[in-house]
1. Run down I60, I37 and say which single residue is near the ligand (Cβ under 10 Å from one of its atoms), at pLDDT 95 or above, of a type outside the set (F, W, Y) and surrounded by 14 or more Cβ atoms within 10 Å (Cβ to Cβ).
2. Identify the residue in the range 1-25 that is open to solvent by 70 Å² or more (accessible area, probe 1.4 Å) and not in a helix (DSSP H, G or I) and, among all such residues, is farthest from the ligand (Cβ to nearest atom).
3. If we keep just the residues of the range 126-157 that are at pLDDT below 95 and closer than 16 Å to T4 by Cβ, which is least open to solvent (accessible area, probe 1.4 Å)?
4. One residue is enough: does the range 251-272 have a residue meeting the conditions farther than 18 Å from S21 by Cβ and within 23 Å of the chain's Cα centre (by Cα)?
5. Pairs please, first residue from the range 103-114 and under 17 Å from D27 (Cβ atoms), second anywhere and among the acidic types (D, E) and surrounded by 14 or more Cβ atoms within 10 Å (Cβ to Cβ), Cβ atoms under 6 Å, 6+ apart in sequence or on different chains.
6. List pairs: first residue in the range 258-271 and at pLDDT 95 or above, second residue of a type in the set (D, E, K, R) anywhere in the structure, Cβ distance under 7 angstrom, at least six positions apart or on different chains.
7. Just one of (1) crowded, with 20+ Cβ neighbours inside 10 Å; (2) basic (K, R); (3) away from the ligand (no atom under 16 Å from the Cβ) trips up R94, so point out which.
8. Which of the following residues is farther than 20 Å from Y273 by Cα and away from the ligand (no atom under 15 Å from the Cβ): C67, C78?
Amino acid sequence: MKNTLTEELLISLSADKPSISPKFFYDDVGSHLFDVITLLKEYYPTRTEKWIMDSYPHEIADAVGHCDVLLDLGAGNCAKASRLFNTLKPKQYRALDISKEYLEAAVVDLQMQFPQIQMSAHAIDISQPLVFPDIQELHKVFFYPGSSIGNFDPEKVDQFLTNLALECHGNGGLLIGVDLVKDVQTLNLAYNDPLGVTAAFNLNALLNVNRLIGSNFELQNWEHFAFFNTSLSRIEMHLRAKANVQVTLPSLSGKEHLVSFSTGDLIHTENSYKYTQDNFVEKLRRAGFDDIRCWTDPNQYFLVCFANAQKNPS
Ligand SMILES: C[S@@+](CC[C@H](N)C(=O)[O-])C[C@H]1O[C@@H](n2cnc3c(N)ncnc32)[C@H](O)[C@@H]1O
């Protein structure tokens with residue numbers, strides 16, 4: 001995986017509009033910083049999703065039904081999946097995440113708490129097509145919480161959901177958490193917390209990139225910049241240059257080259273799309289899911305859906 005990621009980074013950082021995919025937030029430090037973000041008062045998604053799941057455990061379990069394998073996409077610390085074990089009773093739990101060390105430590109801990117469930121940790125990039133030939137016959141439940149689906153651009157989200165529907169092979173479904181459109185102030189605050197944890201999380205991507213490709217970004221030259229783009233219905237996170245800077249990047253041919261940034265230049269690090277319930281449910285239908293059940297919170301800040309894969313996808 002390392003070479004593919006290196007190549008992807010070199011291309012995206014050398015583009016006219018430089019970017020770093022949000023998956024590069026998550027090295028060991030980034031995963032811990034994300035856990036701190038989830039504790040912040042301003043960051044409503046995690047506690048609201050938890051409220052929904054804790055408020056409707058039996059309704060969710062009824063909708064999901066039988067579960068041979070629970071596949072946790074972007075599992076992080078695995079805490080959300082572990083809260084489902086008592087109601088969904090999966091025989092197998094597969095945790096997938098790009099943040100290898102963090103994931104493996106979380107699965108080791110969880111296996112001790114739930115010895116009856118067969119568990120495995122898979123350090124893979126879930127933005128690449130996913131295939132699970134060994135469990136084709138089993139009833140699979142994909143679990144994709146945390147509104148991570150919002151990181152995909154609109155055309156990619158459709159491909160991703162269609163791939164999951166097909167991978168169910170008519171035998172399973174998707175339990176997913178989706179962030180909903182809401183007032184701009186609440187959205188902006190969630191990504192601009194006064195303690196600066198989200199800023200540190202964003203800046204840490206540069207340290208991860210330095211480690212992965214041997215570049216020399218210096219943190220003091222960059223600042224966090226995040227805002228809600230109303231016309232595109234997405235939070236955008238960027239790193240903004242605080243000075244004129246030159247960064248040395250290795251090139252694909254092995255030779256180093258310099259990339260220049262002027263004060264105010266941006267590196268785009270994340271989009272987080274916000275949906276309405278209707279337009280997300282429509283996306284699930286178009287991707288090959290049906291029997292879609294939804295739950296939300298009293299403020300309608302967040303949405304949890306379970307969608308069954310169609311038995312005979314067209
Ligand atoms: C927003 S956090 C959510 C964590 C946890 N599922 C939750 O809901 O609290 C996103 C998680 O997905 C992982 N992740 C992000 N992009 C990924 C990718 N392309 N492939 C695999 N894992 C990824 C991150 O390491 C992180 O653990």
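1. Numbers: I60 fails: near the ligand (Cβ under 10 Å from one of its atoms).
One residue alone meets the criteria, I37.
2. Let us first name the residues in the range 1-25 that are open to solvent by 70 Å² or more (accessible area, probe 1.4 Å), namely 1-4, 7, 11, 16-17.
Within this subset, residues satisfying the condition of being not in a helix (DSSP H, G or I) are 1, 16-17.
Details: M1: 9, D16: 24, K17: 20 Å.
Restricting to residues being open to solvent by 70 Å² or more (accessible area, probe 1.4 Å) and not in a helix (DSSP H, G or I), the top hit is D16.
3. Checked the range 126-157; the qualifying residue least open to solvent (accessible area, probe 1.4 Å) is L130.
4. Kept after step one, since they are farther than 18 Å from S21 by Cβ, are these residues of the range 251-272: 251, 253-258, 260-265.
Subsequent filtering for residues that are within 23 Å of the chain's Cα centre (by Cα) retains none.
No, because not a single residue in the range 251-272 is farther than 18 Å from S21 by Cβ and within 23 Å of the chain's Cα centre (by Cα).
5. Close Cβ pairs satisfying both conditions: L103/D97.
6. T263/K242; G264/R240; L266/R240; H268/K17; H268/E236; N271/D153; N271/R234; N271/E236
7. Only one criterion is unmet by R94, namely (3).
8. Working: C78 fails: away from the ligand (no atom under 15 Å from the Cβ).
Result of the check over C67, C78: C67.
The values are calculated or read from the model by the stated rules, or taken from the named source; none is laboratory data. A quick note: this is a predicted structure, and the numbers were derived from the prediction, not measured. Note that each Cβ is placed from the backbone with ideal geometry, even for glycine, and that neighbours are counted across all protein chains shown. To get the accessible areas, we keep the full protein, side chains included, count just its heavy atoms, and leave off ligands, DNA and RNA. Shrake-Rupley method; radii C 1.70, N 1.55, O 1.52, S 1.80 Å.
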